[in-house]
Amino acid sequence: GCPSDHMIHASAPGKIVLWGEYAVLADAPAGVMALSSRATIRMAPSPDEHWYFDSEGFVSEPASCPSDQLPNSPQSAFVRLILAHWGYRSLAECSAPLEVTTDSSAFFVANQKLGLGSSAAVCTATYRALCQLTQRTPDLNEAMAIHRYWQDGKGSGLDVASAWHGGLIHFQQGEATPAVWPADLYWQVVWSGKSAKTTDHITHFDQWRDQADNTPLDHLAVLCNEVCEQGPNLSLLTEYSQTLKALDDVAILNIFTHEHARLGKLAAASGALYKPCGAGGGDIGIAFSEDPHAIAVFRQQAAANGFLPLDLEMATDGIAFQQRQ
């Protein structure tokens, strides 16, 4: 029968930016790793003529919507956005009524957002599921455009590209290239205990960039190219982290918060290199070492000091889809 007779299940991974923060906005290549925290969306036939929307992780009240409209509840924002992008004016135009459950709980701890790219993962999984429902061919550039529109035109699209491909990618000017992570470089992601809003930082950065000396940004861009060409290693990542700190100091982006500075000291004492990841103001960071023991010590020290080491691996799969009878 038609696709709505079945259960549709799509998922996409979160991500961490390893290098390329801000420099990616100056057309330098970023390194982005997909992580084993996944957002999933399930679609099953509705018991009646209404559509139902529910979410786990992202807290909102369950909502229902008549078939002759597009949904308007917080947890159905991407469904609405994607269908509107395609020119649909009602849910009925795309399928028989469904119950739609979105689960992003892997991206939250105690209702606090970890900063692993949950909106991009949810958007990408929702897009993949709706492509199946409407028998469209999924297109990464279209998914990136939809998420960028949702972010008021901000951001590079690297988080959607990472969710799409999985693994490690190099991302430059809208194009993603799969890359290989070195087997002898160990890492540990840690949450600093604060959530940050990316778009605020990007706005501040844009204002700084228009009126200031861009030397540290240019230096950061050069280093991004080197890391992509040579592959990540400790000396390049150390230099990158120091240059990111220099950019932070002149542009006042608040990337190296008090918490990240403490984590940096704990890492150094453990024999590891630590850097904050992403646009700044809190969220997550990562420690690197060629010695797995140093990473284990850092993990233990971070936890003992009230931080949250996250149990994450690299996600080998990007966007994934199943249809069940």
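When 222, 190 are compared by accessible area at a 1.4 angstrom probe, the order from most to least is 222, 190.
Within the shell of other residues whose beta carbon sits under 15 angstrom from the beta carbon of residue 139, the net charge comes to +1, with Lys and Arg scored +1 and Asp and Glu -1. Annotation: average projected area of the stretch 180-269 is 6.9 square nanometres, based on the convex hull of Cα atoms across all directions. Using a simple spin-label model with pseudo-atoms 7 Å out from Cα toward Cβ, residue 305 and residue 206 lie 3.5 nm apart. Contact order, relative form, for the stretch 80-175: 24 percent (alpha carbon pairs under 8 Å, 6 or more residues apart, mean separation divided by residue count). Compute the helix-to-body angle for 258-270: its Cα long axis versus the longest principal axis of the chain, expressed 0 to 90° and rounded to tens. The helix 258-270 is inclined about 60 degrees to the chain. As a length-normalised measure over Cα pairs under 8 Å and 6 or more apart, the relative contact order of the stretch 7-135 settles at 32 percent.
Here the accessible area is traced with a 1.4 Å probe on the protein chains. For the stretch 146-232, carbon and sulfur cover 47 percent of it.
The simple Förster model, with R0 at 22 Å and r as the Cβ-Cβ distance, assigns residue 86 and residue 314 a FRET efficiency of 0.10.
Put simply, the amide H of residue 315, placed in the peptide plane, has neighbours under 5 Å in 34, 35, 36, 167, leaving out anything fewer than 5 places away on its chain.
Extending 7 Å from the Cα toward the beta-carbon at both residue 184 and residue 59 defines two label points whose distance is 4.8 nm.
Entry comment: accessible area of the chain is 43 Å² per residue, from protein heavy atoms only and a probe of 1.4 Å. Carbon and sulfur atoms: what percent of the 1.4 Å accessible area of the stretch 65-125 do they account for? So the carbon and sulfur contribution to the accessible surface is 47 percent.
Mean separation of Cα pairs under 8 Å and 6+ residues apart, divided by the residue count of the stretch 154-291: what relative contact order is that in percent? It rounds to 31 percent for the stretch 154-291. GNM on the chain, alpha-carbon springs under 10 angstrom: the most fluctuating residue among 119, 67, 156 is 67. For a quick check of your reading of the filter: which GluC sites (Glu not before Pro) in the stretch 1-98 sit in a DSSP loop and have no more than 12 other Cβ atoms within 10 Å? Loop-located and lightly packed - 49.
Full extension of the chain segment joining residue 321 with residue 149 gains 59.5 nm, where the gain is 0.36 nm per residue of separation less the Cα-Cα distance. As an equivalent ellipsoid, the chain spans semi-axes of 37, 21, 18 angstrom, where each value is the square root of five times an eigenvalue of the C-alpha gyration tensor, largest first. Distance between the modelled labels on residue 142 and residue 234, one decimal in nanometres: 4.7 nm (7 Å Cα→Cβ projection). Principal axis extents of the Cα atoms in the stretch 1-87, from largest to smallest and rounded to whole angstrom, are 50, 30, 26. Assuming charge only on the beta carbon of Lys and Arg (+1) and of Asp and Glu (-1), the dipole of the chain about its Cα centre is about 380 debye to the nearest 20.
The values are calculated or read from the model by the stated rules, or taken from the named source; none is laboratory data. All values reported here derive from a predicted model rather than from experimental measurement. Reconstructed Cβ throughout: ideal geometry from the backbone, glycine too, with neighbour counts over all protein chains shown. For the accessible areas, the whole protein counts, side chains as well, though only heavy atoms, and no ligand, DNA or RNA atoms are used. Shrake-Rupley method; radii C 1.70, N 1.55, O 1.52, S 1.80 Å.
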